[in-house]
Amino acid sequence: MNISFIGAGNVASSLGKMFVQAGHHVKYGIPTPNGEQLSVSEACDFGDIVCFAIPYSVMNEVLTANKKSLKDKIVVDITNVIHLEDWSPIPLGEDSSGEQTSRLLPESKVVKAFNTIFADVMKDEKRVINGQKLTAFIASDDLEASWTIKKLADSIGFEGLIVGGIKNARYLEAIAHLNIAILSAGGTTDAGFAYLQRK
């Protein structure tokens, strides 16, 4: 599968390496590409799945500019709604980045996923903590797209968990804020959430 990332920071590069190890073709799109990197528009064209790991503040502009290229594709919103200088949350009230992405791209299959996982644990040796796989929470109004991303998350060693529609992206973003709050209170980025349920 062709997977592109818009952005090439820690999350994009770490998650992208895991996808490559699972046998996928990965490209990165940035505004000023170097080497094998693509432009943002080229990366949107390349991917069957297009993952956005860029600051929330530029999402609206980038999504709007590439709306046609993203039609009918799975678009994964990995962003968190934070101030970059201190990682503090930007209040959105009864809304979320995932829901905004879905409204901006009504002809795409928008999925919120991977935003609750620190880049530090997006590595082979760190996906399991105390015997438990870290959970990759997945929210989307498109069930088929949700299952595609769940299978992708499972294939790289996480435990994909579909949590319902894109409205639940606001709860995934709240989990990310909690993760950051724990870090700010003395935690580390070598940490994450595992959702356990008795079957």
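Only the coordinates and a few stated rules stand behind these numbers; no lab work does. Quick caveat: nothing in here was measured; it's all calculated off a predicted structure. FYI the Cβ positions are ideal-geometry reconstructions off the backbone, even for glycines, and counts take in every protein chain you see.
General remarks:
- Set of lysines near LYS73 by C-alpha distance (under 26 Å), chain-local residues within fewer than 8 positions excluded: LYS17, LYS27, LYS109, LYS112, LYS150, LYS151, LYS167
- Correct option for Kirkwood radius over Cα pairs in Å [calculated from the coordinates] among (1) 16.7; (2) 18.2; (3) 17.7: (1)
- Per DSSP, loop GluC sites (Glu not before Pro) in the stretch 46-150 with at most 12 further Cβ within 10 Å: GLU85, GLU94, GLU107
- Amide H contacts of ALA194: THR135, each under 5 Å away and 5 or more positions distant or on a separate chain (H built 1.01 Å from N in the peptide plane; Pro and chain starts excluded).
- Applying the criteria of a DSSP loop state and at most 10 other Cβ atoms within 10 Å to the chymotrypsin sites (Phe, Trp or Tyr not before Pro) of the stretch 81-184 yields no site.
- Rounded FRET efficiency, nearest 0.05, which uses the C-beta distance separating ALA119 from SER39 and R0 of 30 Å: 0.80
- Between the stretch 153-199 and the stretch 62-116, the alpha-carbon center distance in angstrom: 17 Å
- Pair ALA22, TRP87: separation of 7 Å Cα→Cβ label points (nm): 2.4 nm
- Within the stretch 143-165, backbone nitrogen closer than 18 Å to the virtual label 7 Å beyond the Cα of LYS199 toward Cβ: 147-164
- Ellipticity estimate at 222 nm from DSSP helix runs (n ≥ 4, -39,500 (n - 2.57)) divided over the chain, nearest 500: -9500 deg cm²/dmol
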